[in-house]
1. Given the rule -39500 (n - 2.57) for each run of at least 4 DSSP H residues, summed and divided by the residues of the chain, what is its mean residue ellipticity at 222 nm, to the nearest 500 deg cm²/dmol?
2. Please enumerate, by chain and number, the lysines with C-alpha under 24 Å from the C-alpha of LYS196, excluding those fewer than 8 residues away in the same chain.
3. Name the residue farthest towards the positive end of the dipole of the stretch 93-133 from the options CYS109, THR130, VAL98, assuming +1 on Cβ of Lys and Arg, -1 on Cβ of Asp and Glu, about the Cα centre.
4. Over the chain, what is the relative contact order in percent, taking alpha-carbon pairs closer than 8 angstrom and at least six residues apart?
5. Which of the following values of Rg/Rh (Cα atoms, Kirkwood Rh) was calculated from the structure shown: [x] 1.03; [y] 0.93; [z] 1.35?
6. Can you figure out the FRET efficiency of GLU201 with ASP171, using R₀ = 22 Å and their beta-carbon distance, to the nearest 0.05?
7. How much FRET efficiency would the formula 1/(1 + (r/R0)^6) give for THR41 and ILE128, where r is the Cβ-Cβ distance and R0 is 41 Å, rounded to 0.05?
8. For the peptides 147-154, 39-46, 24-31, 112-119, what is the packing order when you average, over each peptide's residues, the other Cβ atoms within 10 Å and list the highest mean first?
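Quick note: the coordinates plus some simple rules give every number you see, no bench work behind them. Here the structure is a predicted model, which is why all the values come from computation and not from measurement. Heads up, the Cβs are rebuilt from the backbone with ideal geometry, glycines too, and the neighbour counts pull from every protein chain shown.
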Amino acid sequence: MENCAFDEIYREMFPFWDKVSRSDRQSICGNSAMVTYPKGTNIHDGNDCAGVFLVRKGCLRMYIMSDDGKEITLYRLHSGDMCMLSASCVIQAITFDVLVDAEEDSTCCVISGPAFAAVSERSPDIRIFTLELAVSRFSDVMWVMQQILFMSMDKRLAIFLSDESARTGSDVISLTHEQIARYMGSAREVVSRMLKYFSAEGIVEVSRRGVKIIDRQRLRGLTL
């Protein structure tokens, strides 16, 4: 069992892997599955314990939704990222519903929530790792809320474009206005209006390909 593909993945991803017992490693491997999600699939609707996601390829979006259907993106997971917030049975202090969509065709290693929770009960190393990962994700969530509550729209958009450019290593952000608005927790009309302003100021160029940053220094100035 320990020579299976999952064991190799977990040895790379989990710093606690060699510290837990052989039987617990076998339990986690035996309750794991490699799952492919087509783009647009709702992976988790917040109503159950979806388990622990490790993204091998693609992109997942974690978000919350209000009663009237407004979405706020908490963060996105890319290759090499993992998330515990979808596993309420692992971290029982999670009392709000987190939804998960596949933003691209994605392949994920999914560990059963109950199985991971059972092993973590026997291992302080796993519990510490789980809590540290959850805290780092909550830091991401608080950063999103801080932007929404306290920052102007032009600053929020400048931060988003700068971060996305840094993540992809490109001056072209290949996202639609609708996608940008969804990631920012705003309305498409508001994003389009602000991009039009940025374009008129010579900061970006807007086309069907997406948004191209043409004056990075001025864009950076708006983030301060």
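1. After summing the helix terms and dividing by the residues of the chain, the value is -14000 deg cm²/dmol.
2. Of all the lysines, those that pass the test against LYS196 - Cα under 24 Å, at least 8 places apart if same chain - are LYS70, LYS155, LYS212.
3. Towards the positive end, the residue furthest out is THR130.
4. 19
5. Label of the calculated value: [x].
6. Once the sixth-power term is evaluated, E becomes 0.85.
7. Working: r = 32 Å, r/R0 = 0.79.
That pair, THR41 with ILE128, gives E of 0.80.
8. Result, highest mean Cβ count within 10 Å first: 112-119, 24-31, 39-46, 147-154.
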